[in-house]
Amino acid sequence: MPHILSVQRLFRVLTGALCLASACDSGMVTPNNDTGDAASTLCGTMPAEVLSGNITKNTTLSASKRWLLIGQVKVTERATLTIEPGTVVCGDATDPQRVSFLNIDQDAKLVADGTKDKPIVFTSSRKEGERRTSDWGGVVLRGRAAINLPPGNEQACGSLEGNAGSYGPCGTLKNDDSSGVLRYVRIEFAGREVAPNNELNGLTFGAVGSGTVIDYVQVHRGSDDAFEWFGGSVNVRHLVASGALDDSFDWDQGYSGKGQFLVSQQILADGNNGIEADNNRDNNSLTPRSSPTFSNVTLIGTGPGSSPKGEKRLGLTLRQGTAGLLENVIVLGFTEMGATIAQDSTCAELTAARLGVKASIFFDNGRDSSANLSTVTTPCDLAAELRKANNMESNPMLRRPYDQASPDFRPQQGSPAMTAAITPPSDGFFSSVSHIGAFGSGDGDDWTQGWTAYPAN
């Protein structure tokens, strides 16, 4: 089948016709209505090929062109969208009434396999210097792994926020489901609101399975969460959440995956939690219960003495009956508090040791220097439990954690982060490292170098 692209210029239509005549086997994109606005074909300052509607056949986006998402672009019909290393894909920001985002349907795949030297970049269609949060929607992956929606049937089928469509088993449970590969990928200036209190995240995981590869992914300056897991079992490595205006990492609805080497940094403009951890807000006891295992995480607030805008600034928020294990975590510089817990259901998981935070460092959190762990003692004393689990209240001595243009999250020599770490589970996923937080102290230990970026606009 031909590769037909929605375009505004006659020569592009003719190109599509030539492709049709030669039976190009590159997939099909259903066109949107053209606006007639030449600006709508630009990705930054460069001409772009327009993608709109549904991609129903295996399709490849070449790095030799820029690509512009207009409206919801859905990969469906079990198709695979492959994006070459070094490709730039823009979400249209020209129409305030239209939300542009990339949506990978159940049973379809996104293969965005970049390299350190040639990362794949999803960004706003505005020029550099004019980009802002919520310019476009983001990237959505939807799979068939387990979720825990009422009434508690693991075969449940949900409807994802952002009007993105179905997710979950929907009658076909596949915890090892694959939605493809995202490796060396940046997602910038995303998180558009679809309706009041209904926003897209930078990268949304809807029941995504463990067959999916997520490694070296940055979400930068998004207006909602950077990364959010709605159930599922996907494992993740090397995630960077920079400048999220809501939570950096957010899980609920029975998420059970694993994660190692995650870092987040808040900005003064807005922000909420480093990690917001939930089970199910409507019924805290639904199963499968959220129970991920994360190791080697660095969470950075705006720092002592800062006066950030927006919501409460908390390192860890544990709520709504979540279980799970967080170990070797650094929580630094959150202006509200380092950690908090809510609901008796969550306290029960803590008491039963199904929820835990271990071998972690808390420092400069809260409104005074003594509030490094938690100022909240109800409904249960989280701070007391944290102090029992080899957690420390000491300066991790990170190099430039608050630098928003060129951060360096590595600990200095002599940092307590280089001692007292516990060995992550030996299960074939986790790497055995001896440091607390996402980074070691050596010259080659900054795994963000070469592929991340921190533009203000």
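The values are calculated or read from the model by the stated rules, or taken from the named source; none is laboratory data. None of the values given here were measured: they were computed from a predicted structure. For neighbour counting, all protein chains shown are included, and Cβ atoms are generated from backbone atoms with ideal geometry for every residue, glycine included.
When 59, 30, 35 are checked against the criterion of being farther than 18 Å from residue 137 by Cα, of a type in the set (Ser, Thr, Tyr), at pLDDT 75 or above and out of contact with any helix residue (DSSP H, G or I) (no Cβ under 7 Å at 6 or more places or on another chain), a single residue qualifies: 59. Under the condition of being in a loop (DSSP other than H, G, I, E, B) and either on the phi < 0 side of the Ramachandran plot or β-branched (Val, Ile, Thr) (or both), the residues counted in the range 121-139 number 11. Contact map, the range 183-196: first residue at positive phi, second residue part of a strand (DSSP E or B) and of a type in the set (Ser, Thr, Tyr), Cβ cut-off under 8 Å, separation 6 or more or different chains; pairs are 184/216; 189/123; 189/124. One residue stands out among those in the range 279-314 that are part of a strand (DSSP E or B), in contact (Cβ under 8 Å) with a residue 60 or more places away in the chain and in contact with an Asp or Glu (Cβ under 9 Å, 6 or more places away or on another chain): the one that is farthest from residue 238 (Cα to Cα), which is 293. Taking the conditions (1) within 30 Å of residue 93 (Cβ to Cβ); (2) of a type outside the set (Lys, Arg); (3) not in a loop (DSSP other than H, G, I, E, B) in turn, residue 385 satisfies each one other than (1). Whether a residue is among the hydroxyl-bearing types (Ser, Thr, Tyr) and at pLDDT 95 or above was assessed, and residue 242 passes this test.
The set of residues in the range 202-224 that are within 18 Å of residue 457 (Cα to Cα) and assigned to a loop (DSSP other than H, G, I, E, B) comprises 202, 221, 222, 223, 224. In the range 73-96, the residue that is surrounded by the fewest Cβ atoms within 10 Å (Cβ to Cβ) out of those that are β-branched (Val, Ile, Thr) and part of a strand (DSSP E or B) is 80. Going through the range 97-120 one residue at a time, which ones are in a strand (DSSP E or B) and without any contact (Cβ under 8 Å) to a residue 60 or more places away in the chain? Within the range 97-120, 102 is the sole residue that qualifies. Annotation: of all residues in the range 140-185 being among the polar types (S, T, N, Q) and assigned to a strand (DSSP E or B), the one that is nearest to residue 109 (Cα to Cα) is 166.
Looking across 394, 415, one residue alone is more than 30 Å from residue 346 (Cβ to Cβ) and touching a residue at least 12 places away in the same chain (Cβ under 8 Å). It is 415.
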